[in-house]
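Below is one structure; the comments refer to it alone.
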Amino acid sequence: MHRMSRRTFLARSAAAAAALGLAACARDHRPDDRQRLDEARWRALEAAQDRLLPSSPGAPGARDVRATAYLDAALAEADTPAAVRARIRDGADRLDALAREHGAPDFAALQPEARDAVLAEFFDTPEGDRWFDAVMPFTLEALLGDPVHGGNPDGIAWDWLGHRPGWPRPAETRA
Amino acid sequence: MTDADVCVVGSGAGGGPVAFTLARAGRSVVVLEKGPWLREADFTKDEIDVCRRRTLVPRLTDEPHVVERPTDDGGWEWFSTADAAGWDLWNACMVGGATNRMSGFFHRLKPTDLRLRDEYGPIAGADVVDWPIGYDDLEPYYDLVEREVGVSGRVVAHPWADRRSRPDFPYAPLAEHPLAAAIDAVGPRVGLHPFPIPRAILPFPVGERRGCEYSGFCGNYPCSSGAKGSSRAALLDRAIATGRCEVRPHAMARRIESDARGRATAVEYVDTRDGAVRRVSAKVFVVACQPIQSARLLLLSTGPRHPRGLGNARGLVGRHLLFSTGGWGLGRLPRDPSPLPFVNRAVQDLYELDDPALGGRAKGGTIDLLLAHPNPIAGALSRVRRAGRPLWGDALKARLLAEMRDSTWLEFENFVDWLPLPDTHVTLSPHVRDRFGLPVARVRIGRHPRHVETGERLAAAGRRLLEALGAVDVVTRVRGLPATNLVAGGCRFGRDPATSVLDPDCRAHDCENLYVTDGGCMPTGGSVPYTWTIYANAFRVADRLLAAL
């Protein structure tokens, strides 16, 4: 017996639909919209997530839970609304633009304190406030989700918060 | 010849008892379920899969609802849930329905809940009516549910204790978190009488079902041990074992066909995997696919004698939809290391209020006490703003440590009657269709000041109790919003065809072989979660239906 996860569940549904030539019936995907992050946006988001959840001794941060790779994969998922995908990407561009106004080549080139200042400036705008709401769920999923999804390696963030996961846990590893 | 004696649309708390009763009585039953057929071995306690993705519910871009809500200037605005973050009226599309995901906090209605109009009089702006049946009609079936679905508990005396035909529950109570004893000790000091909440959870293995494994992650999560009394684990698996009940998953009913005499003849359904359209004919049809979707299906089921839809000769289908309301609160205690997940206490001292501001005697409600849900992602996300502003960086991490690692949060949930309102109802959207090309349900959700007035009185009592326990940072929220996992009404039962859709046996007044057995029949909701009542009433109707077959 196996435990069905969303991944196998969706994969099976998609396979069944594809076999019948009906894949489009159930999906709203536009392939161009689901591309992986380009290098510039990855850099900006990685630098931002590192300030949203900084790493410190004994306390994992975004870097330790591979939060940007998680975000990149999540943005390509069919469950993620197109508006959320666009908001997160536009926010990455906006952070770079704000950094350039401060004389830096891009957001990731800033020192940590300067990144915090740019983020605070961004969050004071409605666009930045919405970006925060879009990016935090995936960042915290990477921190506190089951390691099977690609974040929280060996449950380090569960250990940090004294969290006891429920069981059964998903048994598969991400392909 | 028909394909089956009875076709049941929906496999949750309304459908399971009918399939179970009829199959065991020798009748053939086909159950149509829109969702997949997942079993214990498929379920995990993975927050991302179960709670944060569309694994158990349709994707909103494929199948939204339309919600209409009041605007500040007295009008209505509408939006599709595909476009509005935070709004979702799906609970679970899977064999067993939402009973897979319930917490299983089981309360009976009180005898007075079935005659609110008679007991407390009319309320301006609401359409309160009495039920066509009384508590004595339901009591044998509440009792049956305790045994067949499996309810664990312990009877203690309190002012609103249930009238029972047996002295105690058939299953012993679950092991309790130490806070339960603390609540019992503190309650009387603030004038309250906490009592153990019956749970639809087996404390030990019974038949094919394992007992509770105390993994926590109960509410929202389908149960991997089978201990939780889902319609699937408790009833359908046993109905299927008779050899006379067939469950067809991935089968979304889109229309009930009817003939020139007005009798229902077949259900037309779509296979959600390949889009194929199929039919099931039967002698009797039972609709139980959750009140919003049941109303939608009846409205879609036009026929020669039913130009406005089945059961809808008087235009009453979809009217007086009920939710539940009342608000909630929580408070913070020092971290208690006990791994036991259940506090299982409730307070019903305020089930009736006597308050001049409410016109004297008035209906109150129930306060359930529970540990805050252990979902860590949801817990962390609820802490990313302080005073409305983004909280991030080291300040966020410090807060997570203090509030998640070092604290235990005790929560209370209020259950207050959602009054039957003329402006809370289901119609078909003229604008939005789902991926099958069908008009989606348009749900208008009104407001009534009594929802908030009652909720505030309960919240004050909940706060008193939390503070007497030593909780700090106590927060309460009462906003009169609907709990969208608790839905009833829309197909009222009653004696008068001019004012009700169904007769007292939950058979449509205008279609003699059509029954509705989910919570849709309820004219008023009662101030508790509905599941036990839906189960009990569906068992009652199954007996009536069997006698009439």
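The values are calculated or read from the model by the stated rules, or taken from the named source; none is laboratory data. As the structure is a prediction and not an experimental result, all values here were calculated from the model. Please note: Cβ atoms are built from the backbone with ideal geometry, for glycine as well, and neighbour counts cover all protein chains shown.
Could you check, for region B:442-456, whether at least one of its residues is closer than 29 Å to B:Ile292 by Cβ, surrounded by fewer than 18 Cβ atoms within 10 Å (Cβ to Cβ) and out of contact with any strand residue (DSSP E or B) (no Cβ under 9 Å at 6 or more places or on another chain)? Taking every residue of region B:442-456 in turn, at least one turns out to be closer than 29 Å to B:Ile292 by Cβ, surrounded by fewer than 18 Cβ atoms within 10 Å (Cβ to Cβ) and out of contact with any strand residue (DSSP E or B) (no Cβ under 9 Å at 6 or more places or on another chain). I need the full set of residues from region B:41-59 which are part of a loop (DSSP other than H, G, I, E, B) and either of a type in the set (S, T, N, Q) or more than 8 Å from chain A (Cβ to nearest Cβ) (or both), in order please. Within region B:41-59, B:Thr44, B:Thr55, B:Leu56, B:Val57, B:Pro58 qualify. When B:Leu549, B:Leu481 are screened for being modelled with pLDDT under 95, under 16 Å from B:Pro420 (Cα atoms), surrounded by fewer than 19 Cβ atoms within 10 Å (Cβ to Cβ) and not hydroxyl-bearing (Ser, Thr, Tyr), only B:Leu481 passes. Taking (1) in contact with a helix residue (DSSP H, G or I) (Cβ under 8 Å, 6 or more places away or on another chain); (2) at pLDDT below 95; (3) not aliphatic (A, V, I, L, M) in turn, B:Gly359 satisfies each apart from (1).
To keep it simple, each residue is scored yes or no on (1) at the interface with chain B (Cβ under 8 Å from one of its Cβ atoms); (2) within 30 Å of A:Gly58 (Cβ to Cβ); (3) loosely packed, with under 13 Cβ neighbours inside 10 Å.
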site	(1), (2), (3)
A:Phe107	no, yes, no
A:Leu110	no, yes, no
A:Ala114	no, yes, no
A:Thr125	no, no, yes
A:Gly128	no, no, no
A:Trp131	no, yes, no
A:Leu140	yes, yes, no
A:Asp146	yes, yes, no
A:Gly150	no, yes, no
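Identify, please: which residue in region B:331-352 is of a type in the set (A, V, I, L, M, F, W, C) and surrounded by fewer than 20 Cβ atoms within 10 Å (Cβ to Cβ) and is, among those, farthest from B:Leu428 (Cα to Cα)? Residue satisfying both the conditions and the ranking: B:Leu333. Scanning region B:154-205 for residues that are within 17 Å of B:Thr366 (Cα to Cα), among the charged types (D, E, K, R) and not in a loop (DSSP other than H, G, I, E, B) yields B:Asp184, B:Arg199.
Tell me, yes or no, whether region B:177-191 has at least one residue that is under 23 Å from the mean Cα position of the chain (by Cα) and within 14 Å of another protein chain (Cβ to nearest Cβ).
No.
When A:Gly61 is tested against (1) part of a helix (DSSP H, G or I); (2) modelled with pLDDT of 95 or more, exactly one condition is not met: (1). Using the structure shown, decide if B:Arg319 is modelled with pLDDT of 95 or more and within 30 Å of B:Asp406 (Cβ to Cβ). No: the conditions fail for B:Arg319. Restricting attention to region B:12-30 and to residues that are of a type outside the set (D, E, K, R) and more than 22 Å from B:Tyr530 (Cα to Cα), the residue that is surrounded by the fewest Cβ atoms within 10 Å (Cβ to Cβ) turns out to be B:Gly26. Taking region A:64-85 as the range and being without any contact (Cβ under 8 Å) to a residue 24 or more places away in the chain and either part of a helix (DSSP H, G or I) or in contact with a Ser or Thr (Cβ under 6 Å, 6 or more places away or on another chain) (or both) as the test, only A:Ala83 passes. Residues of region B:214-233 include none that is surrounded by fewer than 19 Cβ atoms within 10 Å (Cβ to Cβ) and without any contact (Cβ under 8 Å) to a residue 40 or more places away in the chain. Selection over region B:243-292 of residues that are surrounded by 19 or more Cβ atoms within 10 Å (Cβ to Cβ) and in contact with a His (Cβ under 8 Å, 6 or more places away or on another chain) gives a count of 4. Looking at region B:368-387, can you tell me whether even one residue there is at positive phi, free of Cβ contacts under 8 Å to residues at least 60 places away in the same chain and either touching a helix residue (DSSP H, G or I) at 6+ places or on another chain (Cβ under 9 Å) or not aliphatic (A, V, I, L, M) (or both)? The answer is no, given that none of the residues of region B:368-387 is at positive phi, free of Cβ contacts under 8 Å to residues at least 60 places away in the same chain and either touching a helix residue (DSSP H, G or I) at 6+ places or on another chain (Cβ under 9 Å) or not aliphatic (A, V, I, L, M) (or both).
Can you tell me which residue within region B:353-366, out of those that are under 18 Å from B:Phe415 (Cα atoms) and in contact with a Lys or Arg (Cβ under 9 Å, 6 or more places away or on another chain), is surrounded by the fewest Cβ atoms within 10 Å (Cβ to Cβ)? Per the stated criteria, the residue is B:Asp354.
In region A:66-79, of all residues being surrounded by 20 or more Cβ atoms within 10 Å (Cβ to Cβ) and within 12 Å of chain B (Cβ to nearest Cβ), the one that is farthest from B:Arg52 (Cα to Cα) corresponds to A:Tyr70.
Within region B:344-402, the set of residues being away from chain A (no Cβ under 14 Å) and among the charged types (D, E, K, R) comprises B:Arg345, B:Asp349, B:Glu352, B:Asp354, B:Asp355, B:Arg361, B:Lys363, B:Asp368.
Condition test on B:Ser338, is it touching a residue at least 12 places away in the same chain (Cβ under 8 Å) and touching a strand residue (DSSP E or B) at 6+ places or on another chain (Cβ under 6 Å)? Explain how you work it out, then say what you get.
On the way: touching a residue at least 12 places away in the same chain (Cβ under 8 Å): yes; touching a strand residue (DSSP E or B) at 6+ places or on another chain (Cβ under 6 Å): no.
Taking the combined requirement at face value, the residue does not satisfy it.
Can you tell me which residue in region B:501-549 is farthest from B:Ala313 (Cα to Cα), limited to those that are of a type in the set (Val, Ile, Thr) and in a helix (DSSP H, G or I)? Checked region B:501-549; the qualifying residue farthest from B:Ala313 (Cα to Cα) is B:Thr531. Residues in region B:96-143 that are part of a loop (DSSP other than H, G, I, E, B) and farther than 28 Å from B:Val9 by Cα: B:Lys110, B:Gly121, B:Pro122, B:Ile123, B:Ala124, B:Gly125, B:Ala126, B:Asp127, B:Val128. Considering region B:8-35, the residues that are in a loop (DSSP other than H, G, I, E, B) and closer than 20 Å to B:Ala227 by Cα include one that is nearest to the other protein chains (Cβ to nearest Cβ), namely B:Ser11. Of all residues in region A:21-41, none satisfies being at pLDDT 95 or above, in contact with a Leu (Cβ under 7 Å, 6 or more places away or on another chain) and assigned by TED's automatic domain parsing to the domain that holds A:Ala142.
Is it the case that B:Leu299 is part of a helix (DSSP H, G or I) and surrounded by fewer than 22 Cβ atoms within 10 Å (Cβ to Cβ)? So B:Leu299 fits the description; yes.
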